[in-house]
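Below: the structure, in structure tokens.
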Amino acid sequence: MSVTVVGSLNEDVLITVDRLPGRGETVIGSASSTAPGGKGANQAAAAGRLGPGVHMVGRVGDDPAGARMQAALAECRVNVSRVQRTPGIPTGTATIPVEAGTGENLIVVVPGANAVLTPEDVDVPPVQRADVLLLQLEVPMETVTAAARLSGGTVVLNPAPPAPLPAELLERVDVLVPNEHELAALAGVPDTERSPREVATLARDLVGAGTAVAVTLGARGAVVVPADGGAPLLQAPPRVTPVDTTGAGDCFCGALCQALARGQELAEAVRYAVTAAALSTTGAGARGALPANRDVQAALKTTPAAEPLG
């Protein structure tokens, strides 16, 4: 059982604000801190906390931040032997204002070393032999596509930040995991609130038959669209008191892949992932409250059953 994550590693700068700024607006923050981040690394950390056999493939700078990012992943039981130090280029960074009270956030990423991860970097055994390969779009598209092509296992793609997906990549994806905003961007439609049934229809129209989709809906849970054309499902999360939603989607992805690597069917894996993601919002930062498997198993007792959408 193994999960390999190809993706980004960033150092996050978290800023607490009373409310998120609008366009052109200045607001005063009340606190700031740094923490390990990056979509790829956050997803790997979540998977590592939930089970063994997790590998990370990526790049950091040859700087103190890079060493910190590697050490933070290793503490989450992630194998970092394929995370390369990159001379002359800094480790990626993300600046994240977080709204006090709601936990809602905005994220601005500077890729740094993530931008020079190459297709040759992913031509390695952890990618080729993984039971589940997890990808995002914070590293070059050609590298993401190369990793999908090299994989011998289940390929899961979190299309974030959203970008047009090459046909060669999409045809190799087994499970697409966008949030509702990324789904709208990929489909080229207005980013308005949609019912779960409308989300399911949009997802099915986007990928067609043969590719499953799990669309995350924040506090509403996730919509599951099976690859075989079966009825979609709405999986609601357990009730929690959120502190910070930063990284909840990344926790969902890592948990989903661990569950799939264990042999769970997609609907069951999404129920597990929704539960893990909900628990992850109860602490500050992208990794401040990543749950262990025992935490998720306990919380699953209060997670509602999935609702068929017809």
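Out of all the residues in the range 211-218, is one or more outside any loop (DSSP other than H, G, I, E, B), in contact with a strand residue (DSSP E or B) (Cβ under 7 Å, 6 or more places away or on another chain), closer than 22 Å to L157 by Cα and in contact (Cβ under 8 Å) with a residue 60 or more places away in the chain? Yes, the conditions are met somewhere in the range 211-218.
Could you tell me whether the range 193-213 includes any residue that is crowded, with 24+ Cβ neighbours inside 10 Å and of a type in the set (S, T, Y)? There is no residue in the range 193-213 that is crowded, with 24+ Cβ neighbours inside 10 Å and of a type in the set (S, T, Y). When P119, P140 are checked against the criterion of being farther than 27 Å from P242 by Cβ and touching a helix residue (DSSP H, G or I) at 6+ places or on another chain (Cβ under 6 Å), a single residue qualifies: P119.
Of the residues making up the range 279-310, just one is acidic (D, E) and touching a helix residue (DSSP H, G or I) at 6+ places or on another chain (Cβ under 7 Å), namely D295. The residues in the range 109-140 that are among the hydrophobic types (A, V, I, L, M, F, W, C) and under 16 Å from the mean Cα position of the chain (by Cα) can be counted, and the count is 7. If we scan the range 127-135, do we find a residue that is β-branched (V, I, T), closer than 26 Å to P52 by Cβ and out of contact with any strand residue (DSSP E or B) (no Cβ under 6 Å at 6 or more places or on another chain)? Looking for residues that are β-branched (V, I, T), closer than 26 Å to P52 by Cβ and out of contact with any strand residue (DSSP E or B) (no Cβ under 6 Å at 6 or more places or on another chain), one finds none in the range 127-135, hence no.
Being without any contact (Cβ under 8 Å) to a residue 24 or more places away in the chain and touching a helix residue (DSSP H, G or I) at 6+ places or on another chain (Cβ under 9 Å) is a property that holds for V189.
Just one residue in the set G285, G254 is farther than 27 Å from E198 by Cβ and touching a Lys or Arg at 6+ places or on another chain (Cβ under 9 Å); that residue is G254. With the requirement that a residue be assigned to a helix (DSSP H, G or I), surrounded by fewer than 24 Cβ atoms within 10 Å (Cβ to Cβ) and aliphatic (A, V, I, L, M), what does the range 219-251 give you? Across the range 219-251, the qualifying residue is only A219.
Every number here is computed from the coordinates shown, using simple stated rules; none is lab data. Please read these numbers as outputs of a predicted model, since none were measured by experiment. Note that each Cβ is placed from the backbone with ideal geometry, even for glycine, and that neighbours are counted across all protein chains shown.
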